[in-house]
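Structure record follows, encoded as structure tokens.
The values are calculated or read from the model by the stated rules, or taken from the named source; none is laboratory data. Note that this is a predicted model, so its numbers are computed, not measured. With ideal geometry, Cβ positions are generated from the backbone for all residues, glycine too; neighbour counts draw on all protein chains shown. Just so you know, the surface numbers come from the protein's heavy atoms only, side chains and all, with ligands and any DNA or RNA stripped out. Shrake-Rupley method; radii C 1.70, N 1.55, O 1.52, S 1.80 Å.
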Amino acid sequence: MQSGTYLRNGPGLWRIGNYDFRHLFDGYATLVKLHFENGRLIAGHRQIESEAYKAAKKNKKLCYREFSEVPKSDNFLAYVGELANLFSGASLTDNANTGVVKLGDGRVVCLTETQKGSIVIDPNTLDTLGKFEYSDTLGGLIHSAHPIVTDKEFLTLLPDLVNPGYLVVSMKPGTNERKVIGRVNCRHGPAPGWVHSFPVTEHYIVVPEMPLRYCAQNLLKAEPTPLYKFEWHPDSKAFVHVMCKASGKIVASVEVPLFVTFHFINAYEEVDEDGRVTAIMADCCEHNADTTILEKLKLQNLRSFDGKDVLPDARVGRFIIPLNGSPYGKLEAAVDPNEHGRGIDMCSINPKFLGLKYRYAYACGAQRPCNFPNALTKIDLVNKRAKNWYEEGAVPSEPFFVPRPGATEEDDGVVISMISQKNGGGYALLLDGSTFKEIARAKFPYGLPYGLHGCWVPKH
Ligand SMILES: CC1=C(/C=C/C(C)=C/C=C/C(C)=C/C=C/C=C(C)/C=C/C=O)C(C)(C)CCC1
Ligand SMILES: [Fe+2]
């Protein structure tokens, strides 16, 4: 194993004062590091010192609006003040609990879906270094939780809730200034679709317009609605837009079957024998156009598994977006979902294949009955088969693929995951990226909370 640090971020603290949060996504961010050097592993974890977390600790109560939780107003005047704060973004959380990325210039930033929740950390000490301030004047309050980050650029989407659409922006390493590549106007619906993530190809940016749309009214509500800050609008249909990276021009905008996805896996360009791009293929973890997964991720549901199979089915959804002017795109399962137990989410690929034709995806899958993805799966998109890892009672987090330096095969590398065990303990697990067999495991001295997404910081 090469030397370096795997960082994983996620919600990890759901109790403040004597109040218990209700949804997985509300928890205050806990950062975990696994540092690999000379065949040894050193692990550590720390809370991210966001303003929201510090205020909650100090006042022993919720002070900012989280994913589903809203601070209680003391009186009507305070409520009016808080509404004003919501529009300015002042009351929104900066709890950067969703992911962590290493920018091309080496800075490591923890992220959530509020722009103010972009927080720079030290990957060695896990210290919170401060807010990542965007120096441009693009404004807006939210962005995609998963920017596309390479050594050369940072691409993200800024949903526009006022004139439904998305700004597609990029930022160069060493700067804090995002520049507009182009804009996508929504084809339908009262608001843009939720864009937790989006994929890119070599030359194009794929902008999904999901019928699960942001909802300004739900943002204002004190109590969570069934779909939180979102609403399901099947009548508004679903679309996928394709923007040229170089020109910002939209080269395709197609209607697709209704879908629900949080995580795109990858995308690539399909070319004909003359080298012309004929279609874009974009793969995602697709929940069969069913939003119930959001409810299943309530803590009360996660903590009460009684042996019944309640995890909704999911599949590797493949969008086929023709570039010949046709108004429709396709969405189909790229592999038989039974290969991965009809559960799939929290995916990674070999980063060298970002935007390129690729063969393998790693993700959390399911061994049923379960109430949460409880297996790891390696999907072979060519042979349409999966290899699975499972241990009774274990809950693995996102399998993160790290290529072996000098590798020539796509799956030559290791897969890192952190496992939560039935008995409250946990361990770091390393699987061989090719055979998907265990290489090593290192037991933690105590259990860690479940986490979401990670990144690899190689040792220089
Ligand atoms: C704080 C505000 C918001 C925050 C949104 C956040 C924190 C969204 C996080 C979404 C995540 C972590 C999605 C992960 C999905 C994982 C799945 C489906 C796993 C499935 C397993 O089977 C907004 C909502 C943006 C509104 C403003 C305030
Ligand atoms: Fe995510």
* To do: Just give me the residues in region 122-148 being open to solvent by less than 40 Å² (accessible area, probe 1.4 Å) and among the aliphatic types (A, V, I, L, M), in sequence order.
  => Leu126, Ile142, Ala145, Ile148
* Asked: List, please: which pairs have Cβ atoms under 7 Å, are six or more places apart or on different chains, and start with a residue in region 127-138 that is closer than 19 Å to Val108 by Cβ and touching a residue at least 60 places away in the same chain (Cβ under 8 Å) and end with one that is assigned to a loop (DSSP other than H, G, I, E, B) and among the β-branched types (Val, Ile, Thr)?
  -> Thr128/Ile48
* **Residues (in a strand (DSSP E or B) and within 19 Å of Arg318 (Cα to Cα)) located in region 358-408** => Tyr360, Ala361, Tyr362, Ala363, Cys364, Gly365, Thr377, Lys378, Ile379, Asp380, Arg385, Ala386
* Asked: Residues in region 11-23: is at least one of a type outside the set (Lys, Arg), out of contact with any Lys or Arg (no Cβ under 9 Å at 6 or more places or on another chain), in contact (Cβ under 8 Å) with a residue 24 or more places away in the chain and open to solvent by 40 Å² or more (accessible area, probe 1.4 Å)?
  -> yes
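Would a scan of region 387-399 turn up a residue that is within 17 Å of Asn288 (Cβ to Cβ), polar (S, T, N, Q), away from ligand 2 (no atom under 16 Å from the Cβ) and open to solvent by 50 Å² or more (accessible area, probe 1.4 Å)? Don't jump to the end; show me each part of the working.
Keep residues of region 387-399 that are within 17 Å of Asn288 (Cβ to Cβ), which gives none.
Checking region 387-399: not a single residue is within 17 Å of Asn288 (Cβ to Cβ), polar (S, T, N, Q), away from ligand 2 (no atom under 16 Å from the Cβ) and open to solvent by 50 Å² or more (accessible area, probe 1.4 Å).
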* To do: Kindly check whether there is at least one residue in region 71-79 that is touching a residue at least 60 places away in the same chain (Cβ under 8 Å) and part of a strand (DSSP E or B).
  => no
* For region 139-174, how many residues are within 16 Å of ligand 1 (Cβ to nearest atom) and either under 13 Å from Gly104 (Cα atoms) or touching a residue at least 12 places away in the same chain (Cβ under 8 Å) (or both)? -> 17
* Residues satisfying the stated conditions in region 337-350, i.e. over 27 Å from Ser68 (Cα atoms), within 12 Å of ligand 1 (Cβ to nearest atom) and part of a loop (DSSP other than H, G, I, E, B) -> Gly341, Arg342
* Considering only region 175-213, state which residues are out of contact with any Leu (no Cβ under 8 Å at 6 or more places or on another chain), open to solvent by 20 Å² or more (accessible area, probe 1.4 Å) and either free of Cβ contacts under 8 Å to residues at least 40 places away in the same chain or within 25 Å of Val277 (Cα to Cα) (or both). => Asn185, Cys186, Arg187, His203, Tyr204
* To do: Being within 16 Å of ligand 2 (Cβ to nearest atom) and among the hydrophobic types (A, V, I, L, M, F, W, C) is the filter here, so list the residues in region 134-144 that pass it.
  => Ile142
